[in-house]
Amino acid sequence: MYATSTPVAVESMHDGHGEFRGLRSRRRNRWLVYLGIFGGWLVTFAIVAALSMCLVFYSEVVPIMSQMTKREVNAIITGLSIALSVSVLKGLNDFVFTLRWWILSRHYHSLRKVDLILQAESVSCVVRLAARTSRLSVHGAALVWLCLILAVQIALALLGLCYSVELHDSLAMIIKEGNVSIPSMSSIQTVKLVQSDTDSLKSQEYTANKFVLCVFPQGLHSYSRKQALTNSSFGQISLAFDSKPIGMIPAVGSIWTASEPLMFCDDKHCAYVFHETSAMSTEDNSNDDDGDDDISQMRDLIVTTDRTINSTAVCHSWPVISGGNGTETSIRIDAKGDGTAEEVSIPVRGGVNQTTYMTNTTESCGAGCRTVAAFEAAEDKSWYYRCNVTVSHVGNAARPEHEVSESLRSMAAAAISLQGIEVSSFDTDDVQYQVYPAESFFGLPKLGLNDSMAATMARFAIGTVAICAQFNEALVVDGFAPVKGSHLDVDHWDYASLILSSVTLGQLVLGIATAILASLVVVPEGGPIAMSRVLSPITRKLQNSGKGDLLLASEGQGSLWIYKAVKTAEEGIYDLFMEEKIRPENRTEDIEMF
């Protein structure tokens with residue numbers, strides 16, 4: 001067991017006479033020894049638990065970190081890793097400290113080997129000790145000890161390779177006050193050859209449906225310039241972007257790129273989520289002196305906001321009972337379902353296998369609402385639809401610049417049928433129409449399905465708003481500039497768990513082994529002074545012989561030594577010392593490990 005040293009004094013031995021030959025020590029309580037070993041293991045367990053919770057919290061719970069948080073995380077993980085290394089190495093040293101006294105107490109050893117055994121915490125001494133003996137047991141024990149030390153060092157080093165702190169490529173932070181760039185949504189801005197102060201109504205109507213760009217945005221990589229000039233319907237341009245279900249609307253602060261969905265639809269309505277970017281210039285970045293990388297990561301970062309705008313449509317349909325082949329200027333529909341015919345005028349003879357969308361620009365069904373009719377011409381069965389299409393106000397708008405004007409919303413609601421200055425109705429300029437072939441996305445026959453037609457019109461309306469937001473000029477307003485952040489990415493949870501659990505279990509096994517060895521030998525406690533008392537017989541021998549260096553370096557003739565713990569007559573008191581044995585001249589003694 002471990003023993004506690006007391007001041008050295010001349011005491012009576014168990015036979016009642018003489019001095020202490022070494023260190024006077026008192027046996028410690030067994031349960032205190034076990035408690036100390038278990039306490040050391042609990043410290044390691046607590047560090048491993050804290051390190052695991054830190055990795056889980058910052059990788060799973062915290063989606064994005066600022067530069068300051070990143071530094072804090074690095075400091076916490078580094079500190080815990082260092083603490084874990086110190087705790088594990090302390091457990092190893094406690095085991096070696098106990099093991100060396102047990103080895104010294106088993107057999108007599110040469111003075112040189114005693115010196116190497118007492119330095120067993122040194123890897124080089126263990127190697128030299130194994131090199132000075134031919135016993136396989138010594139070689140095996142040295143190999144196991146070296147492998148154990150290397151395994152601990154490698155495991156703790158590999159732990160740092162299981163995780164990394166990287167820039168977040170899908171989420172940004174919106175916590176830094178600054179100027180942000182948002183689209184101007186007061187009107188549909190057209191590309192004009194003749195400059196004027198305002199856009200005409202007809203040019204806006206034309207652009208809402210037939211938007212022609214001279215320079216195509218970089219994000220619309222699916223269209224060439226020629227395609228943009230020849231087939232640039234606002235609604236059809238929106239088809240170049242992906243769309244997803246409503247439930248997949250990204251979180252606020254998500255980084256948006258051209259490959260990300262622009263619109264979100266279900267069978268009831270469609271939604272567009274507004275984006276914004278930092279308006280900070282290069283000069284602003286260069287004047288920043290605080291060294292914070294957040295500023296340099298603001299520019300050209302487009303993020304999703306919490307502002308949304310919705311489009312909905314409610315449709316009714318009737319079967320066409322005459323004129324359904326698209327060659328007449330009027331059709332007759334079954335308005336009541338009982339064969340009662342109602343005549344409806346069609347502004348253009350579009351022919352068969354097409355859908356003609358029509359609207360009267362003077363009629364309104366409310367703010368941001370337009371009535372749009374559709375004639376689905378077919379050889380067999382044709383249909384006529386009448387729908388109310390509504391584009392809502394902007395949700396979560398915090399300032400006037402965030403709003404979309406009522407005129408733009410109304411125009412977007414009817415955009416699928418607008419023609420503007422491209423073509424005029426021969427009957428009246430108030431009625432506008434567009435014809436889509438059945439092979440096109442917006443001309444696909446709906447066969448009388450009201451929800452399908454409503455979804456098509458809502459999709460075109462929200463696409464018009466979305467493309468306006470992409471193409472219109474930007475406004476610079478006060479807000480929270482998006483900043484790139486970092487996130488903790490644990491690439492190999494399996495390896496990290498294996499390393500941490502192995503370290504914890506390994507130290508528990510070493511602790512049990514230390515407790516077992518401590519029950520077999522009395523281990524002296526204390527610093528160099530206590531150690532010198534145990535080794536005092538050796539020091540006296542070296543001093544008296546005058547050949548200290550020669551004896552320490554020699555493996556030939558000389559004395560052999562063994563560690564003794566002699567119980568005295570006083571209860572609980574031991575005399576701890578090294579006992580000498582003269583080596584026979586014709587024999588070389590080797591070390592015994594077990």
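Just so it is clear, none of the values below were taken in a lab; they were calculated from the coordinates. Note that this is a predicted model, so its numbers are computed, not measured. Because the Cβ atoms are built from the backbone with ideal geometry, glycine has one as well, and the counts that use them run over all protein chains shown.
Overview of results
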quantity: Simple spin-label estimate for residue 128 and residue 248 in nanometres, 7 Å along Cα-Cβ; calculated: 6.9
quantity: Two-site label geometry, residue 29 and residue 566: point separation in nm, points 7 Å out along Cα→Cβ; calculated: 3.0
quantity: Net charge, residue 488 excluded, C-beta distance under 12 Å - Lys, Arg +1, Asp, Glu -1; calculated: -4
quantity: Charge tally in the Cβ shell below 11 Å around residue 262, where Lys, Arg are +1 and Asp, Glu are -1, residue 262 excluded; calculated: -1
quantity: Burial order of peptide ranges 28-37, 474-483 (average beta-carbon count within 10 Å, highest first); calculated: 474-483, 28-37
quantity: Per-pair calculated FRET efficiency, R0 = 35 Å: residue 336 and residue 259 via Cβ, rounded to 0.05; calculated: 0.10
quantity: Vicinal HN-Hα couplings computed from phi for the stretch 380-391 (Karplus, 6.51 cos²θ - 1.76 cosθ + 1.60; Hz; Gly/Pro x); calculated: 8, 10, 9, 9, 10, 10, 9, 10, 9, 9, 10, 10
quantity: Least to most buried among 44, 257, 504 (fewest other Cβ within 10 Å first); calculated: 257, 504, 44
